[in-house]
Structure formats: structure tokens, C-alpha cells
Amino acid sequence: MWTRAALQLLPCKEFWVDRAPHGQGSSGGRSDPKLGTIRAANGGGVTPSICREHPSVTPSARHLPLQGRSFKRFGPPRASIAALALLAGCDPGAALQRAPGPFPAPDRPVSRIVSSRWSNEEERDRLREAETVMDKAGIAPGMTVADIGAGEGYYTIRLAQRVGPRGRVLAEDIFPAVRDTLAERVARERLQSVSVRLGAPADPKLPDASFDRVFMVHMYHEIAQPYEFLWRMRPSLKPGGLVIVVDANRPTERHGTPPALLTCEFRAVGYELAFTDNMPSAGGYLAAFRPAGTRPEPGAIKPCRLG
């Protein structure tokens, strides 16, 4: 199971991407204390600060060639054998189980995480999936958006293009290998507005009052502790901010979430449904939620049950 001690052993939690014109020193970087730092590099181009936990988690060379250069692994000591076993186990669903706490467990099955990819990007773009979702979610230039369960970055890349240079995108995943791959893609595509970081299964660890939108696309049914996750995520929204969920209308054990169940679980933690819409291009529906009233104490949260 994931424990607090095991999570604390993870040697690195976040990436920063180095970007600066040739000859600009470290003072040329820009900093966002909430979402991370974009540090300047001596020499042009885009260079990622890459953390590697263990070869079994990230099966790539210790030197990452990029634009004709090579970057060595730096960082704190690697995680203990016990923590690595959790990260690299063959059963990703088992890795999401947690010790009991003050939050109720969901009274329904939780899907196992089977892939970081929902479908291929070419097909999704042919159906205008991301464009339609972003339009319905009201994504506009200058916004700050979190992409939770970002996977290979289908939405991350397109959100960055939509919010533009004045906006920010925080992409997050709970698996170091997936995060590594996405960080390399962000660097390769020179996305100056994107930060990539590692989250925890029951806590997205988002900074307070920071996001206009939080995207949760085809991943809600995989959250083992949804009440805790939503409770901890709630303070991250700015006034007027929304959580955007895209999921399939089918039972959670079949990698979907019935809309009535989704609405009930959000309401139990202090959200209200802002709007919902069918999303056939995304394989289901879209639902938007906003904070409402006060956030309940964990022990007062009542789990939902359909039927």
C-alpha cells in the first residue's frame, strides 16, 4: 500500500524546464512560487532537469541526449527498496491502496490503472476531442490550468497552446516513469508555460487559490480514495474556478463513472454541479463542478451509493 513514509522516500517530485537565450545567466529565469520555477540556462534551447528514481521505474539511459547535448542525473539518494517495489510493481491497481484514515472509502469498485494513454492522439484530434472539451470548459488565453492524470500529455500540450504564453499549465501524474516521459516531451516541444510534477494517489498537492480550471480526463474512476482526493483538491481553485471531469457513462469497474454517482461524490465533499454535456468525441460526457458552501470535516463525509 502507499504510505506516507513511502511517499516521503521518493527522491524528486517536480521538474523545471530551463529556457533562456544564449548568454543569459541564472538571473534570466522567471519564477512562480506556486507552480514551480523556470530556470535559465547558459546557452540557448530547452533543457529539462530530469529525475530518475530507478532503472526499473524509468528504463532509459542515465544521460538524456537533447539537441546534441547530454544531461546527467542529479538529485537526492534513490528511494529505498521497499518504496521502489511499490513504484515498480506489476499490479498498478494494488499500488493505489492506502491505509485507513479519516476519509470514507468509496462504496463502489475502483478501476485499475491500465495505461497512460486513453486513445491515440491522431484519432482524438480527428474527432476534435480536446478542442471541444476546451471550448465547453471555457479555456482562454492567460488561464492557469491543472491537468491531473496527464499521462502522455494529450491535453497538456493542447492546453498550453490554448492558454498561451501568459497562461500556465501544471501537468501531474502519480507514476514517475510517466512523469519522466511527459517532462521530456514538454522540453522537446519547448512549452514554456508548462510545469510537470509528481502527485500522490490521494492528494494532488496543488497550491491553494491557483487554478481557473482543473482537468480530470478519463481518470476519475481510477482514484482509490476519491473523497480525500476531492477534499484536498478543493482549495486549489480560484474564485470562479471549475473542475472539469470527462468520463464514460458506465460502471466504475468498467472504466467509467455514472454521472449521478459522480455528482453525488462531488457534492459529498462540498462541490456543486455547474453544468454537464454529452461528449461523444471523448467517449462519454463532460461535467463541471465548483466549490459550494463550506468544506466538510473528513469524518462528516457520507459515501454515495447508487441503487
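The values are calculated or read from the model by the stated rules, or taken from the named source; none is laboratory data. It should be emphasised that the depicted structure is a prediction, and the values quoted were computed from it without experimental measurement. FYI the Cβ positions are ideal-geometry reconstructions off the backbone, even for glycines, and counts take in every protein chain you see. Side chains are part of the model used for accessible areas, which takes the heavy atoms of the whole protein and leaves out ligands, DNA and RNA. Shrake-Rupley method; radii C 1.70, N 1.55, O 1.52, S 1.80 Å.
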Condition first: out of contact with any helix residue (DSSP H, G or I) (no Cβ under 6 Å at 6 or more places or on another chain) and at pLDDT below 95. Now tell me which residues in region 280-292 satisfy that. PRO280, GLY283, GLY284
Within region 167-178, work out how many residues are of a type outside the set (Lys, Arg) and assigned to a strand (DSSP E or B). 5
Among the numbered criteria (1) in a helix (DSSP H, G or I); (2) open to solvent by 20 Å² or more (accessible area, probe 1.4 Å); (3) of a type outside the set (Lys, Arg); (4) closer than 14 Å to ALA146 by Cα, which single criterion is violated by ALA260? (4)
In region 264-272, is there at least one residue being open to solvent by 10 Å² or more (accessible area, probe 1.4 Å), out of contact with any Ser or Thr (no Cβ under 7 Å at 6 or more places or on another chain), in contact (Cβ under 8 Å) with a residue 24 or more places away in the chain and within 15 Å of PHE103 (Cβ to Cβ)? yes
Just checking, does region 245-253 include any residue being farther than 26 Å from GLY101 by Cα, among the small types (Gly, Ala, Ser) and open to solvent by less than 20 Å² (accessible area, probe 1.4 Å)? yes
Here are some residues: VAL214, VAL186. Which one is in a strand (DSSP E or B), touching a residue at least 40 places away in the same chain (Cβ under 8 Å) and aliphatic (A, V, I, L, M)? VAL214
Mind checking whether some residue in region 281-297 is in a helix (DSSP H, G or I), in contact with a Leu (Cβ under 9 Å, 6 or more places away or on another chain), open to solvent by 70 Å² or more (accessible area, probe 1.4 Å) and over 22 Å from GLN225 (Cβ atoms)? no
Hey, does region 220-234 have a residue that's part of a helix (DSSP H, G or I), open to solvent by 30 Å² or more (accessible area, probe 1.4 Å), at pLDDT 95 or above and out of contact with any strand residue (DSSP E or B) (no Cβ under 8 Å at 6 or more places or on another chain)? yes
Being under 19 Å from CYS304 (Cα atoms) and among the aromatic types (Phe, Trp, Tyr), is that true of even one residue in region 283-290? yes
